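The values are calculated or read from the model by the stated rules, or taken from the named source; none is laboratory data. Since we're looking at a predicted model, the values are computed, not measured. So basically every Cβ, Gly included, is an ideal-geometry build from the backbone, and we count neighbours across all protein chains shown.
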Amino acid sequence: MALSSARKQLPSSIPPGGEIESEVLAPDVVWTRFIGHITHKMAALRLPQFKLALVSTRTPSWIMDLRLMRGFEPLAVKAGAEWWRQYKESHGEAVFFVSDQAAARMAGASLSFSVGLRVLTFPTLDECLDHLGVSTRVPSAASK
């Protein structure tokens, strides 16, 4: 997906179920979108895709885009802890949340404390990308 598409308005309706998608959005920026209801099984199944994105970075910044997430199983947080550990092992230092959901921010704060990573929260993807210095130019590999 191109960055310009990422910056567009959110759809008014979200399909039932859920999905997690990770991709390299810009050099050293991994963007993970959480869509719908997130389950433990889904988080475990999508971990390899996330790890593959991390391999192509040197010092990754990880954007967790939670704008389309509509909820999560409590066990999904346990699976998410492995994502955070993988990110830290890949020399990540901070996780960048794009969310206005208090429950998601609370789970992130708990994981942040247990794994030892900072969390920065942004209300919009534009603000997060601006903070990271990501322009609208995206390598062709980030386009779908």
(request) For the stretch 100-114, state whether one or more residues are assigned to a strand (DSSP E or B) and either of a type outside the set (Asp, Glu) or within 18 Å of Val24 (Cα to Cα) (or both). (result) no
(message) Go through (1) more than 14 Å from the chain's Cα centre (by Cα); (2) surrounded by fewer than 16 Cβ atoms within 10 Å (Cβ to Cβ); (3) modelled with pLDDT under 90; (4) not β-branched (Val, Ile, Thr) for Asp130 and report which single condition fails.
(response) (3)
(request) Evaluate the following for Phe72: is it crowded, with 17+ Cβ neighbours inside 10 Å, touching a residue at least 12 places away in the same chain (Cβ under 8 Å) and in contact with a Cys (Cβ under 6 Å, 6 or more places away or on another chain)? (result) no
(message) If a residue must be touching a strand residue (DSSP E or B) at 6+ places or on another chain (Cβ under 7 Å), among the aliphatic types (A, V, I, L, M) and in a strand (DSSP E or B), how many such residues does the stretch 18-70 contain?
(response) 12
(request) Taking Tyr87 as meeting all but one of (1) closer than 18 Å to Phe34 by Cα; (2) modelled with pLDDT under 90; (3) not basic (Lys, Arg), write down the number of the exception. (result) (2)
(request) Look at Gly92 and say whether it is assigned to a strand (DSSP E or B) and over 12 Å from the mean Cα position of the chain (by Cα). (result) no
